[in-house]
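Here the structure comes first, spelled out in structure tokens, and everything after it is commentary.
The values are calculated or read from the model by the stated rules, or taken from the named source; none is laboratory data. Keep in mind that what you see is a predicted model, and the values were worked out from it rather than measured. Positions of Cβ are generated from backbone atoms using ideal geometry, with glycine treated the same way; all protein chains shown enter the neighbour counts.
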Amino acid sequence: MTKQRKYPLTSKQEAFAIAYASGMNASDAYRKAYKARPDAKSDYINRKAFDVANNGKVLARVAELRKPVIAAMEITLTEHLKDLKTLRNAATAQKQFSAAISAEIARGRHSGVAITKSELTGPNGNPLYPVANHDRDEDEALERLSAKELKDLLALKRKMRGDGK
């Protein structure tokens, strides 16, 4: 029993959707479905293929055709973690401990148990400060500073270098 669509496709749109959903590019799907002449210009084919591929009804049909494939290929986190555990166990059984450790590390990362954290710091463990991308930007920023702000900035630079005062 075929499902009736509210807005049915033409036979050419259906043929295009099937070809496109199967992995053919839009231009080739257009050539096949619309039986384009061999001497048709590529620009014309590409433009027409773009129009058909972006038609709402065609897009919906392509999604409908791809849905079972996507569902069949879907991988869940649970399945992924089980597969990594199987790989770890197989590697351990063959005394390939490096591979076993790699699989276990991957399981930890994917499950959220092992989290890699990084902290970035500036010189001597001080915080990072944004640096101007261009000298011109830095000069303009310095020109907008007051005398006190310039003095404080100079003191901060000395402190970061370890010059004292």
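If you filter the stretch 65-84 down to residues that are modelled with pLDDT under 90 and surrounded by 13 or more Cβ atoms within 10 Å (Cβ to Cβ), you find that the one that is nearest to Lys32 (Cα to Cα) is Arg66.
Selection within the stretch 32-63: residues that are in a helix (DSSP H, G or I) and either small (Gly, Ala, Ser) or at pLDDT below 90 (or both). The member of this set that is farthest from Phe16 (Cα to Cα) is Ser42. The set of residues in the stretch 10-31 that are among the hydroxyl-bearing types (Ser, Thr, Tyr) and assigned to a helix (DSSP H, G or I) comprises Ser11, Tyr20, Ser27, Tyr30.
Candidates in the stretch 64-95 are the residues that are assigned to a loop (DSSP other than H, G, I, E, B) and within 23 Å of the chain's Cα centre (by Cα); of these, the one that is farthest from Gly23 (Cα to Cα) is Thr76.
Put simply, of Asn25, Asn89 the only residue that is assigned by TED's automatic domain parsing to the domain that holds Arg107 and among the polar types (S, T, N, Q) is Asn89.
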